[in-house]
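Here is the structure we will look at.
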């Protein structure tokens with residue numbers, strides 16, 4: 001390996017506050033070779049997290065670190081004898097003093113063994129997530145993966161991480177900030193330190209990138225070798241031939257003991273170890289489009305006039321807007337390529353797109369083979385769907401579909417002839 005690898009210079013510069021994915025809980029390790037022998041190389045990443053309201057921010061920064069909210073902190077419910085109950089989502093600073101919220105729970109599996117991690121049901125329901133394999137997806141946004149779970153071959157959880165965009169939405173709705181505490185470790189066992197790739201380095205501790213880094217160099221014999229001692233004591237007054245033996249009080253006359261000691265050693269080589277600890281905040285941006293339903297400032301504009309004049313989506317989000325929009329037919333094809341979308345035909349020239357957001361977007365085909373849609377029906381859709389439609393929006397041409405006007409303006413609705421998921425006009429019989 002190299003000096004850069006053991007010093008973790010690239011990794012310590014990166015922060016999760018601007019990353020695409022944020023770990024909520026992690027214990028990930030990769031290794032090769034025997035840990036007590038030369039040639040061993042390993043890498044470990046551990047992370048824990050708790051969400052806190054703003055009134056506890058200063059206390060968290062001053063008093064809580066890796067040992068308090070890292071991977072070692074217990075996430076479990078507790079029932080006190082006086083009747084007070086601490087639910088599993090509560091993070092307690094002291095007994096009966098909840099100051100934070102756990103977003104991942106630990107569930108030891110009684111009898112069958114193992115340990116599962118459970119993503120907060122509140123987060124799952126608030127973001128409308130559905131479990132698919134080891135992923136949590138949001139069907140309303142084209143089944144985008146929001147949370148990823150990593151599980152080992154033996155079924156143990158190794159990591160749960162969430163896409164930051166969705167995490168910030170949830171945190172904003174609850175006015176919480178997520179505090180991460182994580183630890184990175186890299187180890188290599190070398191034959192002789194002076195002849196290794198690290199010979200120019202000296203063991204040291206330093207403050208770096210808002211965290212703490214430590215380089216430790218130790219002989220393998222000092223790490224794994226050492227003296228040992230054993231002491232064994234037993235009772236001598238038990239009659240094995242009695243049907244129901246009873247032992248009396250313990251004293252020197254009915255006990256015996258033996259002891260031994262020695263030293264284990266002989267390990268050759270040197271262990272070079274780089275360690276890094278850091279805590280950081282993931283702060284929301286005071287905007288929750290999905291959970292709280294805040295207005296989206298990044299909605300598209302649509303062409304509404306023959307001269308190319310545009311109106312913002314927010315201006316069109318009015319049932320009485322009285323305007324239609326024109327789109328190339330390719331908009332329907334793109335939407336149908338998205339999972340969960342369906343096409344219904346009402347007449348030869350009118351139909352609807354069934355969206356994963358729960359809306360039906362009614363449309364008509366005009367004389368120029370363009371798709372025309374009432375503007376409000378587009379403006380009320382999920383933002384990502386609006387952006388798809390906007391990509392196929394063109395200036396008005398060929399007027400509004402006459403059959404669509406019949407249905408929407410003249411209240412002259414012909415009977416529904418058929419429905420199909422194939423994009424092809426159905427002629428009248």
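Among 386-398, 108-120, 159-171, how do they line up by average Cβ neighbours within 10 Å per residue, starting with the highest?
On the way: 386-398: 17.0, 108-120: 11.5, 159-171: 21.2.
The densest-packed peptide leads the list: 159-171, 386-398, 108-120.
Could you give the C-alpha radius of gyration of the chain expressed as a fraction of 2.2 N^0.38 Å, taking N as the number of residues it contains? Each step should come with its number before you reach the end.
Working: Rg = 32.5 Å, N = 429, 2.2 N^0.38 = 22.0 Å.
For the chain, the normalised Cα radius of gyration comes out at 1.47.
For region 204-306, report the translational diffusion coefficient in µm²/s to the nearest whole number, using Stokes-Einstein at 37 °C, 0.692 mPa s, and a Kirkwood Rh over Cα pairs.
My calculation gives 143 µm²/s for D.
Could you give the length gained on full extension between residue 238 and residue 342, defined as 0.36 nm per residue of separation minus the Cα-Cα distance, in nm?
Numbers: separation 104, 0.36 × 104 = 37.44 nm, distance 8.02 nm.
29.4 nm is the gain from fully extending residue 238 to residue 342.
Tell me, in nm to one decimal, what length is gained between residue 150 and residue 252 on full extension, where the rule is 0.36 nm per residue of separation less the Cα-Cα distance? Before the final figure, lay out the partial values.
Values: separation 102, 0.36 × 102 = 36.72 nm, distance 5.62 nm.
Value of the extension gain: 31.1 nm.
At a 10 angstrom cut-off on C-beta neighbours, averaged per residue, how do the peptides 206-212, 284-290 rank from highest to lowest? Don't skip to the end; give the middle numbers.
Details: 206-212: 13.6, 284-290: 15.7.
The peptides rank, most packed first, as 284-290, 206-212.
Grab the Cα-Cα distance for residue 14 and residue 214, subtract it from 0.36 nm times how many residues apart they are, and report the gain in nm with one decimal.
On the way: separation 200, 0.36 × 200 = 72.00 nm, distance 1.75 nm.
Roughly 70.2 nm would be gained on extension.
FRET efficiency for residue 397 and residue 207, Cβ-Cβ distance as r, R0 = 60 Å, nearest 0.05?
Values: r = 65 Å, r/R0 = 1.08.
In this case the efficiency is close to 0.40.
Laboratory data are not the source of any read-out in this text; all were calculated from the coordinates shown. Just so we're clear, the structure is a prediction, and the values are computed from it rather than from any experiment. Backbone-built Cβ (ideal geometry, glycine too); neighbour counts: all protein chains shown.
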